[in-house]
Amino acid sequence: RMRADYAQAQREGWRFGAKLVRGAYMELERERAAALAQPSPIHATLEDTHAAYDAAAAFLVGEIAGQAQHPPAVFVATHNNASIERVLQQLRRLGRSDDGVMFGQLLGMQDATSYALAAMGASVYKYVPYGPLHEVMPYLVRRAQENSAVAHAIRAEAAHAAKELRRRASERLLPAPA
């Protein structure tokens with residue numbers, strides 16, 4: 001469907017934009033499909049989900065780097081470092097900057113990745129879910145459930161923060177150069 005929508009944008013002369021996500025509402029989508037007697041739009045395996053996400057990102061980045069009259073814009077919304085690295089590698093391979101490519105993560109998740117992307121000059125956005133606690137907490141729990149790497153990422157984030165704190169503390173304890 002994304003490719004068809006992109007082709008329509010090219011035919012009609014407008015810029016196609018996509019925010020790529022990995023199944024934010026998996027259970028709701030499955031229930032909706034069942035209620036409508038339609039096949040589930042959710043991939044059968046996590047590996048299939050990753051492959052579809054990466055293929056969509058590769059297609060859009062390729063179109064940005066190509067000679068399209070109206071190149072797309074893509075918001076790579078992921079906490080998955082492998083997907084982010086694939087996009088960056090493709091941009092480097094194509095000799096392109098990240099014009100038309102934006103990255104985003106949930107505030108407090110993958111912040112070290114966001115900082116590294118920003119230091120490279122990439123467009124990075126952090127989002128903050130807000131609202132009544134009974135609405136926000138299920139959303140955050142889904143984010144954690146859908147990303148099996150979250151626990152590892154949180155540990156890595158904590159280690160990075162601890163290292164930075166130690167570095168800053170040692171700078172304050174050392175005498176200033178003469």
Taking only DSSP H segments of four or more residues, each worth -39500 (n - 2.57), what value at 222 nm results for the chain once the sum is divided by all its residues, to the nearest 500 deg cm²/dmol?
-18500 deg cm²/dmol
Per DSSP, the loop-located trypsin sites (Lys or Arg not before Pro) within region 33-99 having at most 16 other beta carbons within 10 Å are Arg96
In the chain, what percent of the accessible surface is made up of carbon and sulfur (1.4 Å probe, ligands and nucleic acids excluded)?
59 percent
Long-range amide H partners of Met102, meaning residues 5 or more apart or on another chain whose placed amide H is closer than 5 Å, are Val74, Phe75, Val76
Taking only Cα atoms, what is the 0 to 90° angle, nearest 10, from helix 26-35's long axis to the longest principal axis of the chain?
20 degrees
Would you mind getting the accessible area per residue of the chain, heavy atoms of the protein chains only, 1.4 Å probe, in Å²?
65 Å²
Enclosed volume per residue, in Å³, of the convex hull spanned by Cα atoms of region 1-114:
117 Å³
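The values are calculated or read from the model by the stated rules, or taken from the named source; none is laboratory data. From a predicted model like this one, the values you see are computed outputs, not experimental measurements. Positions of Cβ are generated from backbone atoms using ideal geometry, with glycine treated the same way; all protein chains shown enter the neighbour counts. In case anyone asks, the SASA skips ligands and DNA or RNA and just uses the protein heavy atoms, side chains included. Shrake-Rupley method; radii C 1.70, N 1.55, O 1.52, S 1.80 Å.
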